[in-house]
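Okay, so here's the structure we're looking at.
The values are calculated or read from the model by the stated rules, or taken from the named source; none is laboratory data. Predicted, not measured: the structure shown is a model, and the values here were computed from it. Glycine gets a Cβ as well: all are built from the backbone with ideal geometry, and neighbour counts include every protein chain shown. These accessible areas exclude ligands, DNA and RNA; they are computed on the full protein's heavy atoms, side chains included. Shrake-Rupley method; radii C 1.70, N 1.55, O 1.52, S 1.80 Å.
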Amino acid sequence: MKTTLSISEITKIGNKLKTLSQKNNYKATIEEIKKNIKKHPHWADGYSLLGDIYTSIAHYEESYSAYSKALELDPDNLQWKLSLLLSQLEMGRDVELALNELLHLFIKNSEDEDICIKIASIMVSGKHPKITIAAIKWRAQNHKNGDVLSSILANQLLEAGLISEGCEIYLNLFRSSPHGVLYAPQLGVALIRIGAFQTCADIVESLRKNSPETAALMLNEYGIALAGLNRSREAQVALREYLDSHPESQAAKFNLGQALLKGGEYEEGWKLIEFSPPEFKIQGVNNPWKGDFSINGKTLLLYGEQGFGDMLQFLRYIPYVEKLGANIALSVPENLKRLCQASFPDIKIIETDLKKIEYDYSCSLLSLPLSLSSQIGYEIPSSVPYLYPNQNDIEKFSKIFGKTNNLRVGLVWSGENRPRHGLNYKNRSASLKMFSKIIDIENIDFVSLQLGNPKKELLQWNGKNIFDPMNTVSDMEDTAALIFNLDLIISVDTSVAHLAGALGKPVWMITRSDCCWRWLEGREDTPWYPTMRIFRSQPGSLHHAIELVAASLPDFVTTWQQNSLLKGMSHELRHQAL
């Protein structure tokens, strides 16, 4: 039953609500609506207005309840039904049921593109992009999708990790739509996610001449693209310009931090890198320590964030924290516990469930360069090794190798696949077949250090024998002990490269052209690991860098053989002298 108020009542209520809403006085607006609902309990539009207000301030439980009341009075109102389903998705309540109902409404109203746009936009909140993708593609079989639906499709393709397809749609919109320039920012994001940095930069530079307002909106993406092109100084300029007009943008601050670190400007870089995205951070830690007060005698929780490589890289700072007199509790994943305990015997290694931990202050491992800057400055502590596997494990793995006069080389050809990071992230990995030019080099015994799905490539390998001991490896401590028995590690940019560097072993790292900020620009060496040599590829795959490794490896073998011969002669002379 729907109650219709008189025109004068509606006008009076509407004017009062308009005045309150213009002042952003949500509390008074809600109270006014509730007061009028009490007078007119069957006023469906009143409940809907209440739902709209609650939705605008993200109070989805209340908005769900309000829209439910409105629909009891007017069950055929499609807009209210859609608003109810949006609230349901935002609450995370019966998401599958809500998405199924939205799909039904999408199909039922497929001829009305405006309604389909509303439904698809709401489905995005369900965070199941493949369902939204399927719905929009289904509609395209019978109706021509306009620009807005196409842009929603492109966005959801990116979210699903189908970066190339999403980028192609944005590119078509940019080129063919009368309002194509409006899609330039989304296109910029898509281009970055596939590693098309030069194309992104070219578009922004063109827009700066023809559509400066749109170009200004894309300066954040422009900065990322320039950094990806190893033009970090220019990237810093673009990102600072963006921050002049968007001073609260944490994403731009983080991107500027990365550009500064890539340019070797650590003092400001470490400060801005603290604005890392929420998905990079551990939630629920309290009382952060930033080096601005004494922690002597206090319990300091140190915890790892992001990937294993990041944690291995920043463990080097722990001895400097120990000197400050804190009782350290180090929280790392199970895979790192034994190695950390062997390397830092005087600190407590704990679980990753931080809710069970009692501590005074906390600090992420990745925040230690900033927190320790007043004690040690901004120079990178580069003394290696700083990680030490257990001697018994080193001896255990030494026994699995037979006697040989050849160089022993460990191989890692692929890192973990993370589709949401885009195709360019995938470009940090190779395949075993791509490594064949390396493996063909004579006088080398190759040892696989590969884990995960890429390890299965050994089953189809028909080339030179590769010894695979990884079935006997249970964690990073075992991997470290195994590496200790090798002469050289050749790895793509993954945690094993960090591990070998932290152990002070010779390591050749194969990386893509844009590189991570930590490897700086245009250098074969790195201040992080004195024993590391970096082989940078050209844009695209890692083929170029792999060929550089294959060309350099014979000289390394020759030098190693000469050194081994000299060591053998020295040992023989000592034996004769005795």
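For this structure, a couple of remarks:
- What the Cα atoms of the stretch 387-520 give is an Rg and a Dmax of 14.7, 45 Å.
- Nearest 10 degrees, 0 to 90: helix 7-22 Cα axis against the chain principal axis: 30 degrees
- Stokes-Einstein D (µm²/s) once Rh is taken as the Kirkwood radius of the stretch 117-251 over alpha-carbon pairs, at 10 °C in 1.306 mPa s: 102 µm²/s
- As a length-normalised measure over Cα pairs under 8 Å and 6 or more apart, the relative contact order of the chain settles at 9 percent.
- Loop GluC sites (Glu not before Pro), the stretch 248-278, which have at most 13 other Cβ atoms in a 10 Å radius of their Cβ (DSSP): Glu248
- Calculated FRET value between Glu96 and Ser474, using beta carbons and R₀ = 41 Å, to 0.05: 0.60
- What the phi angles of the stretch 547-553 give under the Karplus curve with 6.51, -1.76 and 1.60, with θ = phi - 60°, is a coupling list of 5, 4, 5, 4, 6, 8, 5 Hz, glycine and proline written as x.
- Separation of the Thr299 and Asn405 label points, Cα + 7 Å toward Cβ, nm: 5.9 nm
- The stretch 290-318 residues near the modelled Glu358 label - backbone nitrogen below 13 Å, point 7 Å along Cα→Cβ: 299
- Surface composition of the chain: carbon plus sulfur atoms contribute 51% of the solvent-accessible area (1.4 Å probe, protein chains only, all chains present).
- Take every DSSP beta bridge whose two residues both sit in the chain; close to 0 percent of them are antiparallel.
- Percent RCO, i.e. relative contact order, over the stretch 395-531, from Cα pairs under 8 Å lying at least 6 residues apart: 26 percent
- FRET efficiency, Leu458 to Ala134 (Cβ-Cβ, R0 30 Å, nearest 0.05): 0.25
- At most 16 other Cβ within 10 Å, DSSP loop - trypsin sites (Lys or Arg not before Pro), the stretch 117-191: Lys127, Lys144
- Cross-link check: pairs Lys262/Lys437; Lys298/Lys356; Lys130/Lys253; Lys323/Lys356; Lys437/Lys464; Lys81/Lys144 evaluated at a Cα-Cα cut-off of 21 Å; pairs beyond the cut-off: Lys262/Lys437; Lys130/Lys253; Lys323/Lys356; Lys81/Lys144.
- Taking mean projected area of the Cα convex hull in nm² as calculated from this structure, the corresponding entry among (1) 50.0; (2) 34.7; (3) 28.8 is (2).
- Volume per residue that the Cα convex hull of the stretch 218-343 spans, once the total is divided by residue count, Å³: 135 Å³
- Accessible area per residue for the chain, computed on protein heavy atoms with a 1.4 Å probe, is 49 Å².
- Annotation for the stretch 178-275: trypsin sites (Lys or Arg not before Pro) lying in DSSP loop with at most 14 further Cβ atoms inside 10 Å of their Cβ do not exist.
- Ranking Gly284, Tyr303, Ile117 by Cα position along the charge dipole of the chain, where only Lys, Arg, Asp and Glu carry charges on their C-beta atoms, puts Ile117 farthest toward the positive end.
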